[in-house]
Amino acid sequence: MTNPLGPRPKSLPIAPKAAPAKRSLPLADEVRDVDRQWRPIYAVWEITLACDLACRHCGSRAGKARPDELTTEQCFDLVDQMKDLGVKEITLIGGEAYLRDDWTDIVKRIRSLGMICTMTSGGRGLDLERCKAAKEAGLQSVSISIDGLEANHDAQRGVDGSFRAALEAMDHLRAVGIPFSANTQVNKINMHEIPATFDLLCEKGIHAWQVQLTTAMGRAGDETGLLLEPYQVLDAIPMIAALKEVGDARKVRLWPGNNVGYFGPYEHTLRGGWAGGHRGSCSAGRRTLGIEADGSIKGCPSLPTKDYVGGNIRDNSLKDIWERSAPLRFTRNQSLDTLHGFCRTCYYAEECKGGCNWTSHVLLGKAGDQPYCHHRASELLREGVRERIQKKTAAPGEPFDYAIFEVIREPWPEGEIAAARAKAMLDPLP
Amino acid sequence: MSLGMCLDCRRHARASELACPFCGGTVQPPAVRRVAPGTALTRAVLLGATLSAAGCDFTSAQPVYGAPIPADSGASDSGADGDVSAQPVYGAPLVDAGADAAMMEETGPMADYGAPPPPPDAGGDAR
């Protein structure tokens, strides 16, 4: 069968060796009230960058372990520090977390301190033995990454058989009594089969489904033909909202990712049950914490290393990095002045503050203007225009790197605009 | 900025608007969905894994963990130290003078490389 992605780009190594961690980064002298006010409740921890898949969209270009990944004792100490800082829940990721020999010891440590522990996995090597060990250690849920139906998934994961392995992983998890969820990226090549994918996942027995848009970081930024155009959120968001209602009926919780949204007529469907009733602004460095396997600390696991690592756990305490590093403070410091482009004058600027900083930064080279937004796309549609992306500069080929794109505005094709308006619910409902 | 929802086009609009700026419809003021003081702030709490009262016309919010928990059951969400006295988003506001302003702003951390929280019956007590 023809690979829907075409041949893999040859210009960059599939799995580059990560650079050593940035060390001895500066910290502010003073802790402000606002820095004390915010505490992470959720941490996502890449415990190794080693991976047994070769995903075409991998933002971290995972494959080889980092040169200086934390030792077991250093991991235990970090767990203790997360507990002290107020973390309630930790998701272990990679690469592939189970490729660390001590991964279940880390799970046990987390659970021994009363924190929730889950894992995200591609599932390729999540055999029955590993699942039994995970259950024994106290792992409470695993999110298996599924990127479409079999052919599409295998093409995106870069390994034939990975789809079947992932579904078998779900069977193993069920057999040992670990609940499992799924996470799916939405992009150009799989959008048409997302409903069928969700249906399959519901049949497999997932308890939740996290969905997000493929984001232009790492290998995803290398690929042509993978990333949605910004105007395509006008198709993607209604589809996801419709699936939310399907999920509700089937008792499967849908968790819209941070770059799924924003506002528009579907926000109340997607997030009406959230504490604010709608999406707010990025919680990196306020409620979330991201950790790289070498001890680098960020406000969110997705954010690019180059711009958002605030310190290293080998040099400073987690508390000091959290409170006193500029990269961890950036959302605490966010204001309308940090926005630009459409987002700067958007009706929802105060609430949204440019949406997902990761998505915008790795697309445009800086955060604060997020084109993947339903409200934005529909307001531009009122004016008869739409946005698409065009790559200007290729990524250098390092983990968590990014290319630079520009956003092009163009008129909506005449034959498509009426249908687009109807789907965007630009006219009042009868 | 406090956002309500337009009853016609279902977009969020500022509660101060006299009419929806997108379609001219009526803007329903928001209810203040708060987390009670003393409640352990977890993702489950922020992401709506709590009560959602029946009868609300304007939201499809459903209790994330199944049927609504009766108000007098004493049950709490996973990890919480106390009851969560959440109200439906578009219903009557809580009388809750002690609510933390920071929590009011919060709409839930969902790091994209993370995972949904486990269901409430997963894993039991900490080892």
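Can you compute 3J(HN,Hα) from phi for each residue in region A:336-341, using the Karplus curve 6.51 cos²θ - 1.76 cosθ + 1.60 with θ = phi - 60°, rounded to whole Hz and x for Gly and Pro?
4, 5, 8, 8, 8, x
For region A:205-259, taking Cα atoms only, what is the radius of gyration to one decimal and the Dmax to the nearest whole Å?
13.2, 38
Counting other Cβ atoms within 10 Å of each Cβ, which GluC sites (Glu not before Pro) in region A:1-109 have at most 13 and sit in a DSSP loop?
Values: sites: A:Glu30, A:Glu46, A:Glu69, A:Glu73, A:Glu89, A:Glu96; in loops: A:Glu30, A:Glu69, A:Glu96.
Listed in order of number, the matching sites are A:Glu30.
For each cysteine in chain A, check whether another cysteine's C-beta sits under 4.7 Å from its C-beta; list those where none does.
Taking the Cβ cut-off of 4.7 Å, the unpaired cysteines of chain A are A:Cys51, A:Cys75, A:Cys117, A:Cys131, A:Cys202, A:Cys282, A:Cys300, A:Cys343, A:Cys346, A:Cys352, A:Cys356, A:Cys373.
Collect residues whose amide H, placed 1.01 Å from N in the peptide plane, falls under 5 Å from the amide H of A:Arg386; neighbours closer than 5 in sequence don't count.
For A:Arg386, whose amide H was placed from the backbone, the distant partners under 5 Å are A:Glu410, A:Trp412.
Considering every residue in A:36-46, what mean count of other chain Cβ atoms within 10 Å of its Cβ is obtained?
Partner Cβ neighbours, averaged per residue: 4.
Please work out the Cα center distance from region A:150-219 to region A:282-343, rounded to the nearest Å.
First find each Cα centre; the distance between them is then 29 Å.
Quick one: grab the alpha carbon gyration tensor of region A:254-352, order the square roots of its eigenvalues as a ≥ b ≥ c, and give me rounded if a/c is under 1.5, else prolate or oblate depending on whether a/b is larger than b/c.
Note, shape of region A:254-352 comes out prolate.
Please list, ordered by chain and number, the residues whose modelled amide H lies under 5 Å from the amide H of A:Asn183; skip anything fewer than 5 residues away on the same chain.
A:Ile144, A:Ser145, A:Ile146, A:Gln210
What's the magnitude of the charge dipole for region A:343-430 around its Cα centre, counting Lys and Arg as +1 and Asp and Glu as -1 at the beta-carbon? Answer in Debye, nearest 20.
Details: 12 positive and 13 negative charges, 10 e Å.
In total the dipole reaches around 40 debye.
How crowded by other chains is A:181-193, given as the mean number of beta carbons from other chains within 10 Å of each beta carbon?
1
Filter the cross-link list A:Lys88/A:Lys244; A:Lys22/A:Lys244; A:Lys132/A:Lys251; A:Lys298/A:Lys353 down to pairs whose alpha-carbon distance in this structure exceeds 29 Å.
A:Lys22/A:Lys244
Over the Cα atoms of region A:157-238, how large are the radius of gyration and the largest Cα-Cα distance (Dmax), in Å?
For region A:157-238, the Cα-based Rg and Dmax read 14.4, 43 Å.
Take the Cα gyration tensor of region A:100-244, multiply each eigenvalue by 5, square-root it, and list the three semi-axes largest first, rounded to whole angstrom. Walk me through the numbers before you get to the answer.
On the way: eigenvalues 166, 49, 46 Å².
Each semi-axis is the square root of five times an eigenvalue, giving 29, 16, 15 Å.
In Å, what is the Rg of the alpha-carbon atoms in region A:337-424, and how long is Dmax?
14.3, 43
What net charge is computed for the residues neighbouring A:Gly161, neighbours being all others with C-beta under 11 Å from the C-beta of A:Gly161, Lys and Arg scored +1, Asp and Glu -1?
Here the charged neighbours net out to -1.
Sorted by packing (mean other beta-carbon atoms within 10 Å per residue), highest first, where do A:115-124, A:364-373 land?
Result, highest mean Cβ count within 10 Å first: A:115-124, A:364-373.
Ranked from highest to lowest mean number of other Cβ atoms within 10 Å per residue, what is the order of the peptides A:384-393, A:132-141? Intermediate results must be reported in sequence, preceding the final value.
Numbers: A:384-393: 15.1, A:132-141: 20.9.
The most tightly packed comes first, giving A:132-141, A:384-393.
Give me the Debye-computed log₁₀ of I(q)/I(0) at q = 0.08, 0.09, 0.11 Å⁻¹ for the protein assembly as shown, equal point scatterers on Cα only, no solvent, two decimals.
Reported log10 I(q)/I(0), two decimals: -0.47, -0.61, -0.96.
Give a residue-ordered list of calculated ³J(HN,Hα) values for region A:157-164 (Karplus: 6.51 cos²θ - 1.76 cosθ + 1.60, θ = phi - 60°; whole Hz; x for Gly, Pro).
7, x, 9, 5, x, 5, 5, 5
Cα gyration tensor of region A:303-384, axes a ≥ b ≥ c as square roots of the eigenvalues: rounded (a/c below 1.5), prolate (a/b > b/c) or oblate? Provide the component values of the computation, followed by the final result.
Values: a/c = 3.77, a/b = 2.43, b/c = 1.55.
The shape class here is prolate.
Where Lys and Arg each count +1 and Asp and Glu each count -1, what net charge lies around A:Pro4 among other residues with Cβ under 14 Å from its Cβ?
Result for the local shell: -2.
List the aspartates and glutamates whose alpha-carbon lies under 18 Å from that of A:Lys319, not counting same-chain residues fewer than 8 positions away?
A:Asp29, A:Glu30, A:Asp33, A:Asp35, A:Asp77, A:Asp80, A:Asp84, A:Glu89, A:Glu292, A:Asp294
Between B:Leu3 and residues 5 or more places away or on another chain, which pairs have amide H atoms under 5 Å apart, with H built 1.01 Å from N, and which residues are they?
B:Ala15
Going Cα to Cα from A:Lys391, which lysines come in below 18 Å? Please leave out same-chain ones fewer than 8 positions away.
A:Lys10, A:Lys188, A:Lys366
Using a/c under 1.5 as the rounded threshold, could you call region A:1-137 rounded, prolate or oblate? The axes a ≥ b ≥ c are square roots of the C-alpha gyration tensor eigenvalues, and prolate needs a/b larger than b/c, oblate otherwise.
oblate
If the viscosity is 0.890 mPa s and the temperature 25 °C, what Stokes-Einstein diffusion coefficient in µm²/s follows for region A:171-215 when Rh is the Kirkwood radius over Cα pairs?
This corresponds to a translational diffusion coefficient of 215 µm²/s.
How many angstrom separate the Cα center of region A:115-131 from the Cα center of region A:346-409?
A separation of 33 Å, based on Cα centres.
How large is the helix-only mean residue ellipticity at 222 nm for chain A, computed as the sum of -39500 (n - 2.57) over DSSP H runs with n ≥ 4, divided by its residue count, in deg cm²/dmol to the nearest 500?
Taking each H run of at least 4 residues, the total per residue is -9500 deg cm²/dmol.
Expressed as a rounded percentage, what relative contact order does chain A have, with Cα pairs under 8 Å and six or more residues apart?
19
No lab work stands behind these numbers, since they all come straight from the coordinates. Predicted, not measured: the structure shown is a model, and the values here were computed from it. Quick reminder, even Gly has a Cβ in these numbers, built from the backbone with ideal geometry, and neighbours come from all protein chains shown.
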